[in-house]
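Have a look at the structure below before the remarks.
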Amino acid sequence: LNKDVETKKNYEIIRNASLSLLSSVNDILDFEKIEKNELELKSESFNPSILINQISNNWKTEAEKKGLQFILDMHYSIPAKVKGDPERFIQIINNTLSNAVKFTMEGTVKMKITCI
């Protein structure tokens, strides 16, 4: 049983590290596209609340590993459907939360989402 827990823990560490590395590589590639004015944005319908909850759950785990409290405060006015580029949306939320968790040494990381 302890082997299974240890294996699962190691898998999560490797998975998170590889996703982080992939995200960094994608950010660099996107930056190059921006520099060359070649970045194309998609226009798709997606549910921002679902994506925010999924991303936040991942970062909550990372925050808790550092001994931080993580709070997601999402206002009820967030629409169930928006049109935009879901990949860029995910990229922005991930980068924001990554920096928040990385540079918060103690206390709380709070992400407040409202509709303006």
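Rule-based calculations on the coordinates, nothing more; no lab input. These figures come from a predicted structure and were not determined experimentally. Cβ placement follows ideal geometry from the backbone for every residue including glycine, while neighbour counts extend to all protein chains displayed.
Below are the figures for this structure:
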read-out	value
Qualifying trypsin sites (Lys or Arg not before Pro) for segment 24-85 [loop in DSSP, other Cβ within 10 Å: at most 15]	LYS36, LYS42, LYS66, LYS81
Net lengthening on full extension, SER77/SER45 (0.36 nm per residue, minus Cα-Cα)	9.8 nm
Projected area averaged over orientations for segment 5-51, convex hull of C-alpha atoms, nm²	4.9 nm²
GluC sites (Glu not before Pro) restricted to DSSP loop in segment 2-93 with at most 15 other C-beta within 10 Å	GLU38, GLU40
The chain - share of DSSP beta bridges that are antiparallel (%, nearest 5)	35 percent
Contour excess over end-to-end distance, with Cα ends at ASN95 and SER18 and 0.36 nm allotted per residue	26.2 nm
Under 27 Å from the Cα of LYS36 - lysines, other chains or at least 8 residues apart	LYS83
Spatially proximal aspartates and glutamates relative to LYS33 (Cα-Cα < 17 Å; intrachain offsets below 8 disregarded)	ASP85, GLU87
(1) 2, 11, 18, 21, 21, 15, 7, 3, 2, 0, 0; (2) 2, 10, 16, 19, 18, 16, 11, 5, 2, 1, 0; (3) 2, 14, 26, 26, 19, 9, 4, 1, 0, with the label sought being that of the calculated P(r) over Cα pairs in 5 Å bins from 0, in percent	(2)
